[in-house]
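The values are calculated or read from the model by the stated rules, or taken from the named source; none is laboratory data. The shown structure was predicted, so the numbers you read here are calculated from the model rather than taken from an experiment. For neighbour counting, all protein chains shown are included, and Cβ atoms are generated from backbone atoms with ideal geometry for every residue, glycine included.
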Amino acid sequence: MIVFKIIQVLLLVFVLFTTISVVYKFIKENRNHRQRMRKLDQWSQFHGQLMDWSKEIVDDNVRSNFISHCVHKLISTSNDKLSNSDLDDWSVEEEKQKVCNEWGQHIPSLLQEMRDKKLNQIL
């Protein structure tokens, strides 16, 4: 009889431990998934912003080069199948800075945005 009670208690502990473990993993994965989806949404919006910036470029040759660069980068990223680590490491601000450094003098709104950001940092 006592052996039966011990087995019941052990079984109950095992079931509780397994349940808690599964719930914890579910919550953790759900949280990670939401963070990645937010990043993916930011990534998508950034590429939309790139297209808006391309419309601001006056020089047709520069616009063509800018669009070609953006498309090439997008295709190479999609061919590599954007991994979770790539997405986790991706930053809107870093990408904006790269675009500003390379193409900023041709994109008035981006140039103004970066100037405003620097002014805010100084103040």
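Taking the criterion of being more than 28 Å from the chain's Cα centre (by Cα) and of a type in the set (V, I, T), the residues of the stretch 1-50 that qualify are I2, V3, I6, I7, V9, V13, V15, T18, T19, I20.
Screening Q35, Q42 for residues that are in contact with a helix residue (DSSP H, G or I) (Cβ under 7 Å, 6 or more places away or on another chain), farther than 16 Å from L110 by Cα and modelled with pLDDT of 90 or more leaves exactly one candidate, Q42. Of the residues making up the stretch 70-83, one or more are of a type in the set (K, R) and part of a helix (DSSP H, G or I). When both residues are 6+ apart or on different chains and their Cβ atoms are under 6 Å apart, which pairs have a first residue that lies in the stretch 88-106 and is of a type in the set (A, V, I, L, M, F, W, C), and a second that is modelled with pLDDT of 90 or more? Listed by first residue and then by second, the contacts come to V92/Q42; V92/F46; W103/F66.
Just one of S76, S91 is exposed (fewer than 10 other Cβ atoms within 10 Å of the Cβ), modelled with pLDDT under 90 and among the polar types (S, T, N, Q); which is it?
Details: S91 fails: exposed (fewer than 10 other Cβ atoms within 10 Å of the Cβ).
Unique residue meeting the criteria: S76.
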